[in-house]
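Single-structure report; data block below.
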Amino acid sequence: MGDFNLTVILDAIRRSPGGLSRVELAQIVGLSPQTISNISRRLLDQSLIVEAGKEGTGPGKPRTMLRLNPAGMYAVGVHLDPAVLTFVVLDLVGAVVKHSRVKTPSGADPGAVIGTIAAEINQLVADSGVDRAKIAGLGVASPGPIDLEEGTVVDPPLLLGWHRVPLRDALAEATGLSTLVDKDVTSAAVAETWAGGPSGAGSFVFMYMGTGIGCGIVLNDEVVRGTSGNAGEIGHIMVDPDGPPCDCGIRGCVKSSCIPQVLVAQAEAAGILDGSRQDRSAPAIQDSFAELCAAAYAGNEKAAEIIDKSAVLVARAVSSVTNTLDVDRVVFGGPFWTSLSQAYLARIPGLVEESSATRKIHAIEVVGTGVGEDVAAIGAACLVLEHMLAPRSQRLLLEG
């Protein structure tokens, strides 16, 4: 019970960037002043919070404000995308202390990728200057499907050769850090709730634009993972009945119609991009996709048509999800989002509004991530902070 109350207080302080006094904490969380005082002392002793001056506007003496101590705890996050590996060291308030990015090794050898990740993490931690003893753990954002309980990656469609790869245990052994693995789209949603500001509050879906497309789900400030941790797999929502066939057996799925690989192929067929290039790796697709988007913004009509059509199809998938879940907001992000943001933010909000079943009751906001391009890696690090510090009902269970 004490641990649960501690996390409730810590979470309340975290959600108030300006800090809270002990009196305000008692009013917000409903605990007695004595309990607030005792737990505050524990948090101060653990260097998780600091006393940050006094404030007061009304009668009575000024109150001492409590805020998170950024240097009280750190976490490492890595985003495994088929195109690029992104790494961050995060402090307790969700600020990036150090980050790096390398291209994902090509081929179908998970061992080579895991070795690269472990070496880059050790270098990043060394370069950050952070005391390793203050690092709470390592979070890994991976393409799904994953086995959340086992920490394994289970045949992601765009990571060939990754059949039940024990990613969590392999990285824990290689780095010496306690490790968590979650889906990239879920990690991105976690990042938005921890570090996204207003866009990460309430109920929203995080549309993750990566080598694949998926969505993270947050309802009433709670991240939804589903029965097996694989909620948000939207690749087989049909968005174009006359579209290309998908490996699931139907036509016009998100996966077969909207992902960057498909759009690059369309651009090559239209003569916008060089179709003779032999390199079809995920990093090469990312480079070609950026080239396609640049051509669209530079006035190439065929390129603009490809991007515009993709926006229409993605909006259909978004509308299916928002109408099902009745959320306040759609947040876009991921490694391919920067290239798409201008075109998508001009087109998608109106389409989602037109298709909204609740448009006469409430609007649906469509925005880009408040976290930035490294959202999945930041989310992976936030997984560690969430696991360590966020209130969870399991903490209320008494051990026999």
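Observations on the model:
- Residues that are outside any helix (DSSP H, G or I), at negative phi and modelled with pLDDT of 90 or more within the range 176-200 comprise Leu177, Ser178, Thr179, Leu180, Val181, Asp182, Lys183, listed in sequence order.
- Qualifying position, being closer than 21 Å to Pro145 by Cβ, hydroxyl-bearing (Ser, Thr, Tyr) and assigned by TED's automatic domain parsing to the domain that holds Gly214, among Ser288, Ser256, Ser281: Ser256
- Residue match in the range 301-308 (condition: at pLDDT below 95 and closer than 20 Å to Gly243 by Cβ): no
- For the range 17-48, the set of residues classified as without any contact (Cβ under 8 Å) to a residue 24 or more places away in the chain and either outside the structural domain of Lys61 (by TED's automatic domain parsing) or among the polar types (S, T, N, Q) (or both) consists of Gln27, Ser32, Gln34, Ser37, Asn38, listed by residue number.
- Condition check for Val314: part of a helix (DSSP H, G or I) and either crowded, with 22+ Cβ neighbours inside 10 Å or not β-branched (Val, Ile, Thr) (or both): yes
- Count of residues meeting criterion [of a type in the set (A, V, I, L, M) and surrounded by fewer than 18 Cβ atoms within 10 Å (Cβ to Cβ)] in the range 352-366: 3
- Test: residue in the range 293-316 that is closer than 22 Å to Gly202 by Cα and either under 24 Å from the mean Cα position of the chain (by Cα) or among the hydrophobic types (A, V, I, L, M, F, W, C) (or both): yes
- The range 150-186, subset out of contact with any strand residue (DSSP E or B) (no Cβ under 7 Å at 6 or more places or on another chain) and without any contact (Cβ under 8 Å) to a residue 12 or more places away in the chain, residue nearest to Ile234 (Cα to Cα): Asp155
The values are calculated or read from the model by the stated rules, or taken from the named source; none is laboratory data. Since the structure is predicted, the reported quantities are computational estimates derived from the model, not experimental observations. For neighbour counting, all protein chains shown are included, and Cβ atoms are generated from backbone atoms with ideal geometry for every residue, glycine included.
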